[in-house]
1. Step by step: first the residues of region 191-224, then only those that are hydrophobic (A, V, I, L, M, F, W, C) and more than 16 Å from the ligand (Cβ to nearest atom), then the one that is surrounded by the most Cβ atoms within 10 Å (Cβ to Cβ). Which residue is that?
2. Inside region 168-190, can you point out the residues that are in contact with a helix residue (DSSP H, G or I) (Cβ under 6 Å, 6 or more places away or on another chain) and either free of Cβ contacts under 8 Å to residues at least 12 places away in the same chain or more than 16 Å from the ligand (Cβ to nearest atom) (or both)?
3. If Ser138 satisfies every condition in (1) out of contact with any helix residue (DSSP H, G or I) (no Cβ under 8 Å at 6 or more places or on another chain); (2) more than 16 Å from the ligand (Cβ to nearest atom); (3) of a type in the set (Ser, Thr, Tyr) but one, which is the exception?
4. Among (1) crowded, with 20+ Cβ neighbours inside 10 Å; (2) under 20 Å from Cys87 (Cα atoms), which single condition is Asp48 missing?
5. Looking at region 255-286 only, could you name the residues that are in a loop (DSSP other than H, G, I, E, B) and either over 29 Å from Ile6 (Cβ atoms) or hydrophobic (A, V, I, L, M, F, W, C) (or both)?
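The values are calculated or read from the model by the stated rules, or taken from the named source; none is laboratory data. Computed from a predicted structure; not experimentally measured. Heads up, the Cβs are rebuilt from the backbone with ideal geometry, glycines too, and the neighbour counts pull from every protein chain shown.
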Amino acid sequence: MNTFEILEKAKKEGYAIGAFNAANIETLKAIVQAAGKLRSPVIIEASDGEVKYIGKKQLVSLIKIYKEEYNIPIVLNLDHAPTFESCKEAIIEGFDYIHFDGSQLPNEENVEITKRVVELAHQNQIPVEGEIDHIQGSSAYHKDEDVKKEQKEELYTNPQKALEFVNETSVDTFASFIGNAHGLYSTEKKIDLNLLSKIREALPNKFLSLHGGSGIPDHDIKEAIKLGIVKINVNSELRVAFHDKLKEVINTSDEIAVYKIMPEVIDAVSAVVERKIKLFGSEGKA
Ligand code: 13P
């Protein structure tokens with residue numbers, strides 16, 4: 001199945017595919033281990049910083065091996081790519097999905113670059129995700145901050161503008177900002193489901209993604225999937241699981257062999273991925 005078919009199946013059957021960020025082999029192992037165990041399709045994604053750390057070629061090669069090993073649909077997604085060149089390189093290297101993020105550019109420029117990315121990606125049967133309203137926050141643990149500070153309603157997506165952007169660019173997936181700020185905060189994220197249903201009505205033929213998947217209450221996630229979300233991005237919860245377990249293992253043992261330190265860390269991240277896959281309804285859909 002190509003990526004279009006994987007997303008189409010999710011849309012038709014009413015579940016979402018988890019898009020989990022990976023920047024190192026341990027996180028990658030954790031994600032594919034969970035998806036393999038639950039026989040779930042999965043999206044592995046890497047942002048600009050993560051890609052620079054692990055390398056585009058390295059990611060493509062590792063994913064190819066994991067696809068063979070687990071025999072489940074695995075989509076490799078370039079997350080929040082900031083330039084056309086970065087998208088082009090990923091397409092040439094063999095990524096399966098591209099998210100160009102021109103949301104901080106003037107609208108005309110965002111439209112122009114998104115169109116060029118779509119043109120190139122479609123020649124290679126690769127879907128493209130676009131966005132117009134910068135998704136606030138960052139994938140970190142903002143322990144002392146209330147998420148409300150990032151949820152300024154005047155920055156939320158306007159369904160009519162989303163429709164215009166989608167018509168002008170022919171993107172396949174639309175990423176909206178409905179309160180889904182990136183990161184974990186001292187409070188739970190409240191997302192605007194009413195606005196999401198209006199965006200769904202405006203874009204019935206497109207795929208919808210939900211960024212900022214960490215820290216959104218389960219019931220809102222379930223409602224968002226009912227309203228048509230087919231891709232949910234999760235990063236911070238994985239980062240926290242990795243960080244906390246690694247710290248615990250290092251602080252409680254004198255082990256220095258990395259391959260003996262890491263399995264517990266991988267299992268901790270994998271447990272988060274398993275929980276999300278079950279919540280998103282994609283278990284057994286591989
Ligand atoms: P979180 O860090 O809130 O999970 O968001 C991740 C994300 O949306 C990556 O694109």
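1. The first filter runs over region 191-224 and keeps only residues hydrophobic (A, V, I, L, M, F, W, C), leaving 191, 193, 195-196, 199, 202-203, 207-208, 210, 216, 221, 224.
From what is left, the residues that are more than 16 Å from the ligand (Cβ to nearest atom) are 193, 195, 199, 202-203.
On the way: Leu193: 16, Leu195: 19, Ile199: 23, Ala202: 18, Leu203: 21.
If we take residues in region 191-224 being hydrophobic (A, V, I, L, M, F, W, C) and more than 16 Å from the ligand (Cβ to nearest atom), then Ile199 is surrounded by the most Cβ atoms within 10 Å (Cβ to Cβ).
2. The answer is Glu168, Thr169, Ser170.
3. Going through the list (1) out of contact with any helix residue (DSSP H, G or I) (no Cβ under 8 Å at 6 or more places or on another chain); (2) more than 16 Å from the ligand (Cβ to nearest atom); (3) of a type in the set (Ser, Thr, Tyr), Ser138 breaks only (2).
4. That leaves (1) as the condition not met.
5. Glu255, Ile256, Ala257, Ala286 - these are the residues of region 255-286 that are in a loop (DSSP other than H, G, I, E, B) and either over 29 Å from Ile6 (Cβ atoms) or hydrophobic (A, V, I, L, M, F, W, C) (or both).
Rundown of residues vs (1) on the phi > 0 side of the Ramachandran plot; (2) buried (at least 16 other Cβ atoms within 10 Å of the Cβ); (3) modelled with pLDDT under 95; (4) in contact with a His (Cβ under 8 Å, 6 or more places away or on another chain), yes/no style:
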site: Leu78; (1), (2), (3), (4): no, yes, no, yes
site: Glu93; (1), (2), (3), (4): no, yes, no, no
site: Phe100; (1), (2), (3), (4): no, yes, no, no
site: Asn107; (1), (2), (3), (4): no, no, no, no
site: Asn110; (1), (2), (3), (4): no, yes, no, no
site: Ile113; (1), (2), (3), (4): no, yes, no, no
site: Arg116; (1), (2), (3), (4): no, no, no, no
site: Leu120; (1), (2), (3), (4): no, yes, no, no
